Amino acid sequence: MKLTSSRSRLASAAVAGVALTGLLSACGGSDSSDDGASGASGPVTLPFWGWANGQEAVVKAFNASHKDVRLKYTKVTDQLTMQKQLTNAVKAGNAPCLVQNTAEYVTSWVSQGALADITEYVEADKERFNAGSWASAQVQGKLYGVPTSSAPNFTIYRTDVFDTYGIEPPATWADFVTAGKELKKHGIEITNFAGEDPSTLEVLAMQAGAHWYAVDGDAWKVDFQDEGTLKAAKVIQEIIDNDLNSTMSFADYAAVQRTYDNGSTATRQISTWQMAGMVQNFSKSFGKWALSPWPAFRGEAPKTPAGTNLTGGVTLVTKECAHPEQAAEAALWMSTDPGAVKTMASPETGNGVMPALADSDAYVSESISQKLLGANYKPAQKVVTDSLGTITTDWAFGPNWTAMFTELQAGWAKVVSKEQTVTELLAHMQKWTVDDLKSRGINVKG
């Protein structure tokens, strides 16, 4: 696994009004070395770092339609590489003007003084975006970027496998466990828990109403043991204890995909963008997949986790950018131009991401794969559209999220290998996160 008008998509990030000591020193407004001068010397050039498929085509279209501003695109390998390279660039004082990022990193970068406040340049466009995605680029009422994508979540499952064994798509997590037990009898695993990927725990906790971080007065409140988190932990532990999951690492991404393609793993909880990887790696199972709603907790209304380190995307403007107004306008164009949005929404031309726009329904058909779904393509569109209206909206990312998630990864690997339980991991994370925030000089309760 890896995922506010009535169409809200994304969790908000908040930062306490306290002294935040980060891993980086705050950098002032020195010109980025690649920034072009404005005025008579020619168009302003804005360095832009990203990793998503399709962005090069979007940059090309932007440059073709703008005379006074040009984007200079550098493709970074992936999200984690971006964080490392940006850290080094901020330290060296040569960060690009614009960077692709995801919501969970915004608070951390703001606390480190790395981002520019672009509220005055973009606040008039608020109504063009769904409220949840808009919040993903915002910290304490100030905007540091423009949202690019949201992440409706749902289940994709093998129809032939389910039909063969008379299994209905699981409506609840209890149904999911029951289905997993039936599939196990036939040598099939219902899901995969990669040891390096604790987002399974994160998104189930989010769906269950957990709040690992919250702002309480002038301090952060940390709680890895609230009712929602423990509810999520119980489901995950039952899946692991009953050996219903495989444990393949995404380090061999093609091998993981083969288990889905050959039917030895039967479901995934995903968002639209993950279909692109399935299409690119499958050879046997096209047309044998269908979508169903994300499983609910028994007795609760449908509710799906907000996009976190999936594709709850933002284009951020760094503090070093000499031309923040032009950078903000370029970010807005990339998130709202119909051609650019369509390019990024498609799993063929882009990343299969759902736009962050207030009305994204028109792009649903673009963001899912007819090749993958076959006869189930049209029903799948309703599943995605319905998911857009059930996403949680009150998740907060703490200022040490990156470090916390790294620690969580180490513990999750032990959970997957049955060296410790989920509740033991959560107890460790509670103490570790509080201690880490205190070591950074950040006010914390928990």
Does at least one position in the stretch 225-243 carry a residue that is out of contact with any His (no Cβ under 7 Å at 6 or more places or on another chain), crowded, with 21+ Cβ neighbours inside 10 Å, at pLDDT 95 or above and assigned to a loop (DSSP other than H, G, I, E, B)? no
Scan the stretch 341-352 and tell me whether some residue there is surrounded by 18 or more Cβ atoms within 10 Å (Cβ to Cβ), outside any loop (DSSP other than H, G, I, E, B) and among the polar types (S, T, N, Q). yes
For the stretch 353-370, enumerate the residues that are assigned to a loop (DSSP other than H, G, I, E, B) and farther than 19 Å from Val58 by Cα. Ala358, Asp359, Ile368, Ser369
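From the list Ser246, Ser199, exactly one residue is under 15 Å from Val416 (Cβ atoms) and at pLDDT below 95. Which is it? So that I can check it myself, show each step before the final result.
Values: Ser246 fails: at pLDDT below 95.
Within the list Ser246, Ser199, the selection yields Ser199.
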Report yes if some residue within the stretch 390-399 is in contact with a Pro (Cβ under 7 Å, 6 or more places away or on another chain), assigned to a helix (DSSP H, G or I), buried (at least 17 other Cβ atoms within 10 Å of the Cβ) and not aromatic (Phe, Trp, Tyr); otherwise report no. no
Scanning the stretch 201-222 residue by residue, those touching a Lys or Arg at 6+ places or on another chain (Cβ under 6 Å) and closer than 29 Å to Thr191 by Cβ turn out to be Gln207, Ala208
Could you say whether any residue in the stretch 193-206 is among the charged types (D, E, K, R), closer than 19 Å to Pro399 by Cα and in a loop (DSSP other than H, G, I, E, B)? no
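Results for (1) in contact with an Asp or Glu (Cβ under 7 Å, 6 or more places away or on another chain); (2) over 23 Å from Leu143 (Cα atoms), shown as yes or no for each residue.
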| position | (1), (2) |
| --- | --- |
| Pro302 | no, yes |
| Val317 | no, no |
| Trp333 | no, no |
| Thr336 | no, no |
| Lys342 | yes, yes |
| Gly350 | no, yes |
| Ala358 | yes, no |
| Ala362 | no, yes |
| Ser369 | no, yes |
List the residue pairs whose Cβ atoms are under 9 Å apart, where the first residue sits in the stretch 87-103 and is in the same structural domain as Pro355 (by TED's automatic domain parsing) and crowded, with 16+ Cβ neighbours inside 10 Å, the second is of a type in the set (Ser, Thr, Tyr) and part of a helix (DSSP H, G or I), and the two are 6 or more positions apart or on different chains. Thr102/Ser136; Ala103/Ser133; Ala103/Ser136
Boolean, Val146 is β-branched (Val, Ile, Thr) and either in contact with a helix residue (DSSP H, G or I) (Cβ under 8 Å, 6 or more places away or on another chain) or within 30 Å of Pro169 (Cα to Cα) (or both): yes
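The values are calculated or read from the model by the stated rules, or taken from the named source; none is laboratory data. Everything numeric here is computed off the predicted structure, so don't read it as measured data. Cβ atoms come from the backbone with ideal geometry, glycine included; neighbour counts cover every protein chain shown.
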